[in-house]
Amino acid sequence: MQIHALGYLGFESPRYEEWLTFGPDVLGLQVGERGDDGAVHLRMDDRHRRLSIHPGKEDRLSYVGWELAGKAAFDQAVTELTDKGYKPHVSGRTECAERQVQGVAKFEDPFGFSHEVFYGPVFTAGSFLPGKPMAGKFVAGTDGVGHLVFVVPEITPELEEFATGVLGLELFGGWTSATPDGSIAGPQFYRCNPRTHALGYVGVPGMRGVQHIEIESTHLDDVGRAWDLVQERDDIPVTVTLGRHMSDTLISFYMRSPTGFDIEFGAGGEVLPDDFVQTSPSTSEAWGHKFVADGWAPTVRPLDAAKNS
């Protein structure tokens, strides 16, 4: 299949209503209409929503939505998933209406994380209003949400095949780095459009879950103002300090969200040309990005913890 973008993300959390203020006040996201289950839907552009936090008993990933170009691409993707043994569930009208799309099919990756492919998302032209004044705007639209990084026990050939052979993503790169528990892991990052990556996997023995999601502004001042804000508040832990990645030029910092996963908020991410050539950075950071959190995000748990953490 040919994934067009990371279209939306859904989580569950007992603290879901904290996003009513965290989303707009800290990040500038717009709070959209509430879901039938009370979910907080957050907007980055004219799409109906990009990030959804549903009520739940624990902090966990609910679904990852991958956007396809249209119905023909969707039908082909369902056929490919079926042929490769992934048993996609094609949703009916009610589920499509809940997602605000024309079609959606659900399936799991080799480590049990829930994915969806969809087409035809609902939008309203000129409707997006940021939750707070912004110097720029969110990088979204046809380029999608940003990226999502999973921790998995190991990056297996089956997982590599899922990312490239099933989802059809292209390897952007990776490197060897130290993890918060002191072990060594080689993260792998995959792309589907001019952004450097939409999906990442970090191998950590015995652990699995969502490490972080990334969103991006077109203006560095939005990042700087958010950085100042979290320094002034004691209820939003910084997990990685301000810095610039060597691989994708993004200037960013990481903070702990109310749902436990980290959010990387940045600006200046590289846009890859058509003649992109894969290279290997000598280190992950050009400067900064000091890890200051006490271990992994709570959404990264031992293997025997709840599924889809």
Qualifying residue in segment 273-292 (condition: among the polar types (S, T, N, Q) and buried (at least 20 other Cβ atoms within 10 Å of the Cβ)): no
First in segment 138-156 and open to solvent by 10 Å² or more (accessible area, probe 1.4 Å), second anywhere and of a type in the set (F, W, Y), Cβ under 7 Å, 6 or more apart: I155/Y201
First in segment 258-271 and free of Cβ contacts under 8 Å to residues at least 40 places away in the same chain and under 15 Å from L148 (Cα atoms), second anywhere and open to solvent by less than 10 Å² (accessible area, probe 1.4 Å) and assigned to a strand (DSSP E or B), Cβ under 8 Å, 6 or more apart: none
Any hit, segment 107-129, residues being open to solvent by 40 Å² or more (accessible area, probe 1.4 Å), in contact with a Leu (Cβ under 6 Å, 6 or more places away or on another chain), over 16 Å from M1 (Cα atoms) and without any contact (Cβ under 8 Å) to a residue 60 or more places away in the chain: yes
Segment 212-232 - residue that is open to solvent by 10 Å² or more (accessible area, probe 1.4 Å) and of a type in the set (S, T, N, Q) and, of those, nearest to G144 (Cα to Cα): T218
Of all residues making up segment 18-33, the number that are touching a residue at least 24 places away in the same chain (Cβ under 8 Å) and surrounded by fewer than 23 Cβ atoms within 10 Å (Cβ to Cβ): 6
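Taking G56 as the residue in question, decide whether it is out of contact with any Gly (no Cβ under 9 Å at 6 or more places or on another chain) and free of Cβ contacts under 8 Å to residues at least 24 places away in the same chain.
no
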Single unsatisfied condition, A73 versus (1) open to solvent by 30 Å² or more (accessible area, probe 1.4 Å); (2) assigned to a loop (DSSP other than H, G, I, E, B): (2)
Segment 185-203 - residue that is at pLDDT below 90 and outside any strand (DSSP E or B) and, of those, farthest from G266 (Cα to Cα): G186
Set S91, S62: member being of a type in the set (G, A, S) and under 18 Å from L148 (Cβ atoms): S62
Tally, over segment 106-124, of residues that are under 26 Å from V300 (Cα atoms) and of a type outside the set (S, T, N, Q): 11
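Every residue in segment 241-279 that is of a type in the set (D, E, K, R) and under 30 Å from E17 (Cβ atoms), please.
Passing the criteria: R256, D262, E264.
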Any hit, segment 49-60, residues being closer than 21 Å to T124 by Cβ, open to solvent by less than 20 Å² (accessible area, probe 1.4 Å) and outside any strand (DSSP E or B): yes
Looking only at segment 34-48, and only at residues there that are over 19 Å from the mean Cα position of the chain (by Cα) and in contact (Cβ under 8 Å) with a residue 24 or more places away in the chain, the one that is least open to solvent (accessible area, probe 1.4 Å): G35
Extreme residue, farthest from the chain's Cα centre (by Cα), among residues of segment 1-33 that are under 22 Å from Q102 (Cβ atoms) and either assigned to a helix (DSSP H, G or I) or not aliphatic (A, V, I, L, M) (or both): E33
Condition broken by G38, with the remaining ones in (1) under 23 Å from N193 (Cα atoms); (2) part of a loop (DSSP other than H, G, I, E, B) satisfied: (1)
Tally, over segment 86-133, of residues that are touching a strand residue (DSSP E or B) at 6+ places or on another chain (Cβ under 6 Å) and hydroxyl-bearing (S, T, Y): 4
Residue check, V238 open to solvent by 10 Å² or more (accessible area, probe 1.4 Å) and either modelled with pLDDT under 95 or among the basic types (K, R) (or both): no
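The values are calculated or read from the model by the stated rules, or taken from the named source; none is laboratory data. Keep in mind it's a predicted model, so treat the numbers as computed, not measured. Backbone-built Cβ (ideal geometry, glycine too); neighbour counts: all protein chains shown. Protein only, heavy atoms only, side chains kept; ligands, DNA and RNA dropped before computing areas. Shrake-Rupley method; radii C 1.70, N 1.55, O 1.52, S 1.80 Å.
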